[in-house]
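Just below is one structure, and these are the notes that go with it.
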Amino acid sequence: MSGRRHPLGVRPAEVPQGFPGRVDFVRSASRLEEAPHLPIPEVCFCGRSNVGKSTLLNTLSNRKQLARVSSTPGRTRLLNFFNVQDKVVLTDLPGYGWAQAPKAMQAEWGGTIQAYLKDRPALVLCLLLVDIRRDVTSDEKDLLNWFRASGRPCLVVATKADKIAPSKRFAAVAGIAKALGVDATDVVPFSAPEKSGADVIWGTILAFAEAEMADEDE
């Protein structure tokens, strides 16, 4: 057995065969006041527009159209909530950094996202998606630093891993980790065509969700 560290220092939960099975769309919300309140933990997905959030959600759910995939950055302008077998809610946050939306709308969405990340008691884990092919941006650094300051655990997912050669992925992950100031094991490379990384991501999500539910039962 190696001494390799687990993502975020937490042993991933065992992912049941055939999981997740049923995933239900709950609601979309343009404001935090419209968000649902289910008695289960939440995990949010955030990242720049066109980083592959919808593709990741569709792959994790084994459904092609759970989350809409758009070639136009910033098309997803709502918070979208999905219930996974009453075990955890996945929240798809609007992409940030979109260029085509009016400034006033950008500010409004940004305020909603900030309020969600700050004031959502059920939120147990944040997934920050970055493109494995691109340099880490100041927005991504700032968001991760905000998570740290707020005590929000954050797993970094390096999307589109299939776009670079397998021999270059380790170095790419190491570069992302260095730029963000995190351990390399906190960065999970993910590829939708290969479905690589999905089990680690699900295992980490379930570990945090199960730990939260266990604490509530005590």
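The values are calculated or read from the model by the stated rules, or taken from the named source; none is laboratory data. Every value quoted in this text rests on a predicted model; they were computed, and no experiment measured them. Every residue, glycine among them, receives a Cβ derived from its backbone with ideal geometry; neighbour counts consider all protein chains shown.
Here are some notes:
- Members of the stretch 164-200 found to be of a type in the set (A, V, I, L, M, F, W, C) and within 23 Å of D142 (Cβ to Cβ), listed by number: A172, V173, A174, I176, A177, A179, L180, V182, A184, V187, V188, F190
Yes/no matrix, rows are residues, columns are (1) farther than 30 Å from M213 by Cα; (2) aliphatic (A, V, I, L, M):
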| position | (1), (2) |
| --- | --- |
| Q114 | no, no |
| L117 | no, yes |
| A122 | no, yes |
| L127 | no, yes |
| I132 | yes, yes |
| N145 | no, no |
| S150 | no, no |
| P153 | no, no |
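- Cβ-Cβ contacts under 7 Å between residues 6 or more apart (or on different chains), taken from a first residue in the stretch 53-65 that is touching a residue at least 60 places away in the same chain (Cβ under 8 Å) to a second residue that is of a type in the set (S, T, N, Q) and buried (at least 18 other Cβ atoms within 10 Å of the Cβ), are listed as L56/T159.
- Taking the stretch 190-218 as the range and being over 14 Å from L60 (Cα atoms) and of a type outside the set (G, A, S) as the test, the residues that pass are F208, E210, E212, M213, D215, E216, D217, E218.
- Residues satisfying the stated conditions in the stretch 152-178, i.e. under 16 Å from the mean Cα position of the chain (by Cα) and in a loop (DSSP other than H, G, I, E, B): R152, P153, K160
- Set V136, V130: member being in a strand (DSSP E or B) and in contact (Cβ under 8 Å) with a residue 40 or more places away in the chain: V130
- Qualifying residue in the stretch 15-28 (condition: crowded, with 16+ Cβ neighbours inside 10 Å, modelled with pLDDT under 95, under 19 Å from the mean Cα position of the chain (by Cα) and farther than 24 Å from A211 by Cα): no
- Between A198, A214, the distinction of being surrounded by 15 or more Cβ atoms within 10 Å (Cβ to Cβ), hydrophobic (A, V, I, L, M, F, W, C) and either touching a residue at least 40 places away in the same chain (Cβ under 8 Å) or under 24 Å from Q17 (Cβ atoms) (or both) belongs to A198 only.
- Within the stretch 32-68, considering residues that are under 12 Å from A122 (Cα atoms) and of a type in the set (V, I, T), the one surrounded by the fewest Cβ atoms within 10 Å (Cβ to Cβ): I40
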